[in-house]
1. Report residue 156's accessible area, 1.4 Å probe, all protein chains in place, as a number in Å² to the nearest 10.
2. Going by average Cβ neighbours within 10 Å, how do the peptides 120-127, 51-58 rank, with the highest at the top?
3. Just to verify a number: FRET efficiency for residue 192 and residue 145, C-beta to C-beta distance, R0 = 30 Å, to 0.05?
Amino acid sequence: MVGLGAIAGIAVVELGMVLTPGPNMVYLVSRSIAQGRRAGLTSLAGVALGFLVYLFAVSAGIATVFALVPGIYLAVKLAGAGYLLWLAWKAVRPGGRSSVAPRELVQDGPRKLFLMGLLTCLLNPKVAILYVSLLPQFVDPERGRVGLQGVVLGLTQIAVGVAGNAFFIVTAGSVAGFFARHPLWQCLHRYVMGTALAGFAVRIVTERTGAAVALR
């Protein structure tokens, strides 16, 4: 069975990723500010389903596919890095806005909110890298039942990710109000977020791909 050290390790990794601005946080916070906490939480349900899709895809052997056909993994990495660079440019470009700045968005219904949350998660390169490259590092073949270990670790990641994003959804309104009253801090947040996204894009491109074979 999976060890407590592995569970704690993946929880810390996921917490760090939750605190790093990314597509999930940008969408959930923006939607919560524009349409309320209920809309944000509905979108979060879609994100949670996206986590489960990744978890069971990895359990089904997608990591082995990436290992056998490195070109597919490279394409995923480059696409993800390009997406992050696009988000970074949107943050720092002239006239750009912070993800926590109040804005007008179309009022979407529950079904669309859920589906958009799901799509945002499935297209999130941070989540793909986590499941394909990082989560397998915490699996110990000597403990047996490698598949079950992966599921337990994945569910731990989902629990931490959902709880962390829920916190940002609940507090988004207060944070947005603060930035509305302090434009300088809003500007600083845009550049910090843009730099973090660009840095993560560079890290994705330069990361070695060998870890993808760990969960086989």
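1. 30 Å²
2. 120-127, 51-58
3. On the way: r = 42 Å, r/R0 = 1.40.
Computed FRET efficiency for residue 192 and residue 145: 0.10.
The values are calculated or read from the model by the stated rules, or taken from the named source; none is laboratory data. This is a predicted model, so every value here is computed, not measured. Neighbour counts are summed over all protein chains in view; Cβ atoms, including those assigned to glycine, are modelled from backbone coordinates with ideal geometry. Please note that ligands, DNA and RNA were not included when accessible areas were found on the heavy atoms of the full protein model with its side chains. Shrake-Rupley method; radii C 1.70, N 1.55, O 1.52, S 1.80 Å.
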